[in-house]
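Visitor: Just passing along the structure, written as structure tokens.
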Amino acid sequence: MLSMSIILIVFFITLVIAILSGLIFLIPSVPIKYIKIHLYLIVLPIIISVIGLLNVSDREQIGPFTMDHLAWLMGSFILILGFIIQKFSVRYLIGDRNYRKYFPLFTLITSFASIAWLSGDLRLMVLFWGATLLSLTLLIRVNRSWKIPYEAAKVSGKSFALGWLSLLVAVILLYVATGNWHINVTLANDDVITSGMRFIIDMLIVLAVIVPAAQFPFQSWLIESVAAPTPVSAIMHAGIVNAGGIILTRFSPVFNDPLAITILLIIASISVLLGSGISLVHVDYKRQLVGSTMSQMGFMLVQCALGVYSAAIIHLILHGVFKATLFLQSGSVVKRFNIPIPPSAKRSYSWVVLGRCLAIIIAILFWLGSDRSAYEILSALILAWSLMVSWNQMVAFSRGLIGRVIGIIMIVIVALVYIVTHHYFYNTLSHVYMNVAHPPLMSVIIGILILVFGSVLSIWVARQRDSKAFAVLYLWLVKLGEAKTKSIESHPTYLKKYL
């Protein structure tokens, strides 16, 4: 076992090298080919962070830094994601006159974010989380000649400032109440913090996580930012919006006020429905992904509100990889007119029913074989829903027996990969301290009713396509997912002088 102190020192050395490499690339005399060397250099902190993840055992405090499985896992995830996006950008952004500016900003975002989640000192965490948000704002507005990204950066900057200031005030109040800049695990059952102060701190934490997660009513910054280049959107959706899961996990010893948890649960449940609606009504691919992210982050915060932080962390990692993939391949999404028409719903109905029955049976068996905790109940529900959707897409609506057999084989392979991945993450996160504070039963019932009501309403409205209710809901969701007039432009006007 390597010394954690040595690993941490080497990690910061390699991180500084990566940042300096990005800044060197800003020098005009440095050849464009230097970007290949830069890519090699940003791999170094990734290697060290993985070594840290493999060598960490128990929670260890080294100066202002907290070394545990969650810290190294998030550091590795963020840096790997940043490397993939920068590798993609080498060719994707070539020809952009701001080409050199993207890579140091990408590097700063991933570096600052990884330091923030390694920090045990709340002052350091807030400082580097703020630096991450500032770097992202600068990245959105890197093209200063085009007013659309500039407007998007203004909206994003104001939203980020609100969320960051909320976190800052929460940390200051926490220090006033406890006299400590570190979150002590004993705070969960300690009476040092009064109930009124705890409620204020928890509400500030709620605000600090729903703003970057683009939850209702703060989703506008993410909608405005679709004008940014695709790699910028990728790092935004995959590595920034999901920070709420990490923040709530770190603050779990103090985030246990029932009313604050209830408010988070209600906001997140509403955001799940609105995000799903936006993704369904918009034809713009990036706006569909915005709605999907809003919905997914809402579900992640629902997991946090229910106290299943492990599920939320696994969700944010898998969502980050998935959403980055969707954005990076968005340029090749071309609608083809010769897409084969799937079998009719009537002929596939028996297969759909069979898939639903199998999904329910497998989910029940999974739950009965578990410890029947809140985490396992949520996992069983996710498993059932995922199997139903996968079965419909890959089996029920496939053509012919061979197509259905191939679909079943693919589902089995994907399920095995998921089980192995889930098992690894679950075992890794089992070593991380997380204080589980369940919301009141009535709050859970309200959250479920919101989701069920929204689902039933959407089904009813969908069947009333010629009704006024359908038109009103459809247009409202379209408007909700649209950017402001200042942030919309059919063509970049700054390019006119080149035509």
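Visitor: Please return the longest range in the chain lying between exposed loop sites, taking trypsin sites (Lys or Arg not before Pro), DSSP loop only, at most 16 other beta-carbon atoms within 10 Å, and leaving the sites out. Please report the intermediate quantities before stating the final value.
Guide: Details: sites that count: Lys33, Arg59, Arg97, Arg144, Lys335, Arg336, Arg372, Arg399, Arg463, Arg465, Lys484.
With a cap of 16 other Cβ atoms within 10 Å, the longest stretch comes to 145-334.
Visitor: Among [x] 1.01; [y] 1.58; [z] 0.97, find the value of Rg/Rh (Cα atoms, Kirkwood Rh) that was calculated from the structure presented, and write down its label.
Guide: Label of the calculated value: [z].
Visitor: For the stretch 111-259, what % of the accessible area comes from carbon and sulfur atoms, probe 1.4 Å?
Guide: Working: 3050 of 4600 Å².
The value for the stretch 111-259 is 66 percent carbon and sulfur by accessible area.
Visitor: Of all the accessible heavy-atom surface of the stretch 1-42, with the other protein chains kept in place and a 1.4 Å probe, what percent is carbon and sulfur? Mind dumping the intermediate values first?
Guide: Values: 2020 of 2480 Å².
Percent of accessible area from carbon and sulfur atoms in the stretch 1-42: 81.
Visitor: To the nearest 20 Debye, how big is the dipole of the stretch 1-135 about its Cα centre, given +1 on the beta carbon of each Lys and Arg and -1 on that of each Asp and Glu? Don't skip to the end; give the middle numbers.
Guide: Values: 9 positive and 5 negative charges, 145 e Å.
Charge dipole, the stretch 1-135, about its Cα centre: 700 debye, nearest 20.
Visitor: Let me ask something else about it. Gap in Å between the Cα centre of the stretch 132-184 and the Cα centre of the stretch 223-237?
Guide: Here the answer is 17 Å between Cα centres.
Visitor: Less than 13 Å Cβ to Cβ from Leu23, Lys/Arg counted +1 and Asp/Glu -1: what total charge do the surrounding residues give?
Guide: Working: positive: Arg100, Lys101; negative: none.
Summing Lys/Arg as +1 and Asp/Glu as -1 gives +2.
Visitor: Summing -39500 (n - 2.57) over the DSSP H runs of n ≥ 4 in the chain and dividing by its residue number, what mean residue ellipticity at 222 nm do you reach, to the nearest 500 deg cm²/dmol?
Guide: Numbers: 18 runs with 349 residues, N = 499.
Helices in the chain give a 222 nm mean residue ellipticity of -24000 deg cm²/dmol.
Visitor: Additional query: I'd like to know which of Ile13, Gly120, Pro64 lies farthest towards the positive end of the charge dipole of the chain, counting +1 on Cβ of Lys and Arg and -1 on Cβ of Asp and Glu.
Guide: Ile13
Visitor: Over the chain, give the accessible area per residue in Å² for a 1.4 Å probe, as an integer.
Guide: Details: 23980 Å² over 499 residues.
Here the residues of the chain average 48 Å² of exposed surface.
Visitor: With θ taken as phi - 60° and the coefficients 6.51, -1.76 and 1.60, list the Karplus ³J(HN,Hα) couplings across the stretch 409-425 in order, rounded to whole Hz; mark glycine and proline as x.
Guide: Calculated HN-Hα couplings, in order: 4, 5, 4, 4, 5, 4, 5, 5, 4, 5, 4, 5, 5, 4, 4, 5, 5 Hz.
Visitor: Read phi for every residue in the stretch 3-11 and hand back ³J(HN,Hα) as whole Hz from Karplus 6.51 cos²θ - 1.76 cosθ + 1.60, θ = phi - 60°, with x for Gly and Pro.
Guide: Per-residue couplings from phi come out as 5, 5, 5, 5, 4, 5, 5, 5, 4 Hz.
Visitor: Starting from the amide H of Ser119, placed 1.01 Å from N in the peptide plane, find each other amide H under 5 Å away whose residue is 5 or more places distant or on another chain.
Guide: Residues meeting the criterion, in which the H sits 1.01 Å from N, are Thr66.
Visitor: Further question on the same structure: Given Cβ point charges of +1 (Lys, Arg) and -1 (Asp, Glu) and nothing else, what value in debye, to the nearest 20, does the dipole of the chain about its Cα centre take?
Guide: Numbers: 35 positive and 17 negative charges, 486 e Å.
That gives the chain a dipole magnitude of about 2340 debye.
Visitor: Convert each backbone phi in the stretch 204-219 into a coupling constant with the Karplus relation 6.51 cos²θ - 1.76 cosθ + 1.60 (shift: θ = phi - 60°), then list the ³J(HN,Hα) values in order as whole Hz, x for Gly and Pro.
Guide: Whole-Hz 3J(HN,Hα) from phi for the stretch 204-219: 5, 5, 4, 5, 5, 9, 6, 5, x, 7, 6, 8, 4, x, 10, 7.
The values are calculated or read from the model by the stated rules, or taken from the named source; none is laboratory data. All values derive from a computational prediction rather than experimental measurement. Quick reminder, even Gly has a Cβ in these numbers, built from the backbone with ideal geometry, and neighbours come from all protein chains shown. Protein only, heavy atoms only, side chains kept; ligands, DNA and RNA dropped before computing areas. Shrake-Rupley method; radii C 1.70, N 1.55, O 1.52, S 1.80 Å.
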